[in-house]
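Here is the structure we will look at, set down as structure tokens.
The values are calculated or read from the model by the stated rules, or taken from the named source; none is laboratory data. Treat the numbers as computed from the prediction; the structure is a model and nothing was measured. Cβ placement follows ideal geometry from the backbone for every residue including glycine, while neighbour counts extend to all protein chains displayed.
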Amino acid sequence: MSRSGTRTYVGFGFGAIQAGLFLYEASQTNAFGHLVVAEVMPDIVDAVRGAGGYFTVNIAYADRIVGQRVGPVAVENPAEAEDRARLIDAIAEAEEIGTAIPSVSYYASDAPGSLHRVLAQGLRHKVKIGGPRAVIYAAENHNHAAEILKQQVMSEIPDDERAAVQERVRFLNTVIGKMSGVVADPEELQTQKLELAFPGSTRAFLVEAFNRILISQIDFEEPFERGIDVFEEKADLLPFEEAKLYGHNATHALAAYLGNLSGARFISELRDIPGAMAFLRQAFLDESGAALIKKYAHIDPLFTAAGYTAYADDLLTRMTNPFLRDSVERVGRDPARKLGWNDRLIGTMRLAHEQHVAPRRFALGAAAALAMLDQKHLNPQLPLGPALNAIWHDAEPEPAQAAVMIKMIEQARDHLHDATNGANSQLFVRLMHL
């Protein structure tokens, strides 16, 4: 798509969300004339430059996959001094900036090209040259990513410059319910006939078509017009962040861990496993939904029986989209992190328990996640406290609260152990009758 706009967009990280959401959506508008992305892998930088700044995103719809060419994009390596200088200049000129890196722990390092340091230098230069106001979308999967990023960036700005910088920039949290990934398996690339990200690449970007992204409300004194206008601002983003973590993410993880025990390779296969979709829907509505509706009643139409039912049914359809072909292995990766005290499984259980809702299905998911860590955790004779307390150590939960969670998960583990004695394909049916 040709671009005639005058705006500049700068992204950090060149993964599926950056490529298939921020850069793609920016390219679909007439607002941006300059797209820039920071990437630290030299081979990717060279390959995209060799392709004239173009790359391809595969977009999964309900009935097909469409390859979309995006660009031109200027790719800069912040570890290289000359690239970093161009990146700083681009930030000074940018109206919209998006970070989409693996986690908030990557915001700061001791390197000259650290994200927080480059952003600080670019924002200082913005003030110096009278550059435009800007918003920064923090797309890392953390409820307070924007606040963390702001704190780290501001720590690099001299005291006498901070007020001027803060007048020109707003750090925004995001709720990104867009499922995406990078496909590298040669068999999957061939099976799905995916277009490679760029010439010479062995990987492909695959993202779903969904683009209803929620962001923090922008509070500049004077109105600010976004170039990426498909995003929706919310005055209070936290309830929606919790709906994503304790609804979308939690149910997705539940599908992966129980799907793993049922023998599924792809999440889409759950459509054909007896009882699976009904089980997941009950967990989504009767546990996650019941708790969130109690907590956030009257906040938004989402937090009503009708609103949450529509939300759950839409997500269950999208999660199991056969064209997205999301693998159980990918969705279930890093079970220890997803069993964290404040993460999707235990967090949902805690929320439900606080709202007097019994989270028995998510407790089964937690037990199944432990089994993915080590099959021995399915043994009814093995106490689960040592394993779970080790995972929760840094969160320092109250011992009494931890004991409640452990008891629920051990009870669920015993049910899960009984249900796994038999044909894998009947697992969900047996769990439905516990």
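Within region 373-395, the residues that satisfy the criterion of being under 25 Å from the mean Cα position of the chain (by Cα) and within 25 Å of Val357 (Cβ to Cβ) are Leu388, Ile391, Trp392, Ala395.
Restricting His415, His356, His393 to those that are assigned by TED's automatic domain parsing to the domain that holds Lys294 and at positive phi reduces the list to His356.
Screening region 93-118 for residues that are closer than 15 Å to Glu156 by Cβ and free of Cβ contacts under 8 Å to residues at least 40 places away in the same chain and picking the one that is surrounded by the fewest Cβ atoms within 10 Å (Cβ to Cβ) gives Asp110.
Against the condition surrounded by 13 or more Cβ atoms within 10 Å (Cβ to Cβ) and not β-branched (Val, Ile, Thr), how does Gln381 come out, does it pass?
No.
Filtering region 331-338 for residues that are outside any loop (DSSP other than H, G, I, E, B), charged (D, E, K, R) and touching a residue at least 60 places away in the same chain (Cβ under 8 Å) leaves a non-empty set.
Going by the structure shown, is Leu196 under 22 Å from Ile17 (Cα atoms), of a type in the set (A, V, I, L, M, F, W, C) and surrounded by fewer than 20 Cβ atoms within 10 Å (Cβ to Cβ)?
yes
Within this structure, Gly15 passes the test of being in contact with a strand residue (DSSP E or B) (Cβ under 9 Å, 6 or more places away or on another chain) and either over 27 Å from Val104 (Cβ atoms) or surrounded by fewer than 20 Cβ atoms within 10 Å (Cβ to Cβ) (or both).
The set of residues in region 76-116 that are of a type in the set (Val, Ile, Thr) and touching a strand residue (DSSP E or B) at 6+ places or on another chain (Cβ under 9 Å) comprises Ile91, Ile97, Thr99, Ile101, Val104. Restricted to region 328-339, and to residues there that are of a type outside the set (Lys, Arg) and crowded, with 20+ Cβ neighbours inside 10 Å, the residue that is nearest to Ala390 (Cα to Cα) is Leu339. Just so you know, in region 384-402 the residues that are part of a helix (DSSP H, G or I) and in contact (Cβ under 8 Å) with a residue 12 or more places away in the chain include one that is surrounded by the fewest Cβ atoms within 10 Å (Cβ to Cβ), and it is Ala395. In region 206-218, the condition of being loosely packed, with under 14 Cβ neighbours inside 10 Å and at pLDDT 95 or above is met by at least one residue.
Filtering region 299-324 to residues that are touching an Asp or Glu at 6+ places or on another chain (Cβ under 7 Å) and not hydrophobic (A, V, I, L, M, F, W, C) leaves Arg318, Asn321.
Of the strands (runs of 3 or more DSSP E) lying entirely inside region 149-240, those containing at least 1 residues that are in contact (Cβ under 8 Å) with a residue 40 or more places away in the chain and out of contact with any helix residue (DSSP H, G or I) (no Cβ under 9 Å at 6 or more places or on another chain) are 214-216. Evaluating Phe22 against the criteria (1) in a helix (DSSP H, G or I); (2) touching a Ser or Thr at 6+ places or on another chain (Cβ under 8 Å) leaves one unmet condition, (2).
Counting only residues that are outside any helix (DSSP H, G or I) and either modelled with pLDDT of 95 or more or touching a His at 6+ places or on another chain (Cβ under 7 Å) (or both), region 403-434 holds 1 of them. Scanning region 51-85 for residues that are touching a Lys or Arg at 6+ places or on another chain (Cβ under 8 Å), assigned to a loop (DSSP other than H, G, I, E, B) and over 19 Å from Gly200 (Cβ atoms) yields one hit, Pro78. Filtered by the rule that a residue be surrounded by 15 or more Cβ atoms within 10 Å (Cβ to Cβ), more than 20 Å from His353 (Cβ to Cβ) and in contact (Cβ under 8 Å) with a residue 60 or more places away in the chain, region 403-425 gives Thr420, Ser425.
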